[in-house]
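Asks: Quick one: structure below, then a few questions.
Every number in this text was worked out from the coordinates using simple rules, so none of it is lab data. Every value quoted in this text rests on a predicted model; they were computed, and no experiment measured them. Cβ: placed from backbone, ideal geometry, glycine included. Neighbour counts: every protein chain shown.
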């Protein structure tokens, strides 16, 4: 995984955001208007009246920007399963050959689940230097799910090695970076109404374990001001990596 150049926000003349996968699809949703944007409502699939878009837990968006006569396209997130993603992608008439890259917002299965199957299905039709812009290595950690009365079971992980074998390069975007058309924001600090629940865990890595061990070692010197300060920074680094809820 390599880093890209520092961020400078691009400016485009127009941007189209098309929902490929969402939790629901309502064919009879009323048409809406907005003074700043044009809203396109997809009801019947004109090219295939015997089929319809499908909804499932997850999200996938097709981005198309235009600037100075050039058009750029990206697929942002990939839903929960490849079956629904591939179905809707095809019904919407999106051409994989025209995708300039893939973007993963974060490493939850409802956002990355369809990616491996999508790449397997369309890789030969996409550009040779295809890149996946991801927030960081945390996206590839194994996740676990369970309940109060059950042992956690593996929820799987996004396989970066398999993506590399399919000639998809992963680019680290843990800070804001400009792409050709869109840009990534990097981590966004926020407060949430969501509560930490014991049903989704993230597998720690050896680096995380080392930091946690260092944290305990530093507690021995808790009376020393510098040791206390170092402990605080290490605990902060480890807090997002030790097994914890990442439910969304």
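Asks: Which is under 29 Å from residue 176 (Cβ atoms) and in contact (Cβ under 8 Å) with a residue 40 or more places away in the chain, of 114, 93?
Replies: 114
Asks: Another question about this same structure. Answer yes if at least one residue in region 161-171 is exposed (fewer than 14 other Cβ atoms within 10 Å of the Cβ) and more than 24 Å from residue 62 (Cα to Cα), and no otherwise.
Replies: Looking for residues that are exposed (fewer than 14 other Cβ atoms within 10 Å of the Cβ) and more than 24 Å from residue 62 (Cα to Cα), one finds at least one in region 161-171, hence yes.
One line per residue, one yes/no per condition, for (1) free of Cβ contacts under 8 Å to residues at least 12 places away in the same chain; (2) in contact with a strand residue (DSSP E or B) (Cβ under 9 Å, 6 or more places away or on another chain); (3) buried (at least 16 other Cβ atoms within 10 Å of the Cβ):
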| residue | (1), (2), (3) |
| --- | --- |
| 22 | no, yes, yes |
| 42 | no, yes, yes |
| 48 | no, no, no |
| 63 | no, yes, yes |
| 79 | no, yes, yes |
| 82 | no, no, yes |
| 88 | no, yes, yes |
| 100 | no, yes, yes |
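Asks: Let me ask something else about it. Give region 172-186 a look and list any residue that's in a loop (DSSP other than H, G, I, E, B) and more than 21 Å from residue 71 (Cα to Cα), or say none.
Replies: Residues satisfying the conditions are 173, 174.
Asks: Here are the criteria: (1) on the phi > 0 side of the Ramachandran plot; (2) surrounded by fewer than 17 Cβ atoms within 10 Å (Cβ to Cβ). Tell me which single one residue 181 does not satisfy.
Replies: (2)
Asks: Quick check, is residue 93 on the phi > 0 side of the Ramachandran plot and buried (at least 19 other Cβ atoms within 10 Å of the Cβ)?
Replies: Numbers: on the phi > 0 side of the Ramachandran plot: yes; buried (at least 19 other Cβ atoms within 10 Å of the Cβ): no.
No.
Asks: Filter region 143-171 for residues that are in a loop (DSSP other than H, G, I, E, B) and either in contact with a strand residue (DSSP E or B) (Cβ under 6 Å, 6 or more places away or on another chain) or farther than 27 Å from residue 126 by Cβ (or both) and give the result.
Replies: 146, 147, 148, 149, 150, 151, 152, 168
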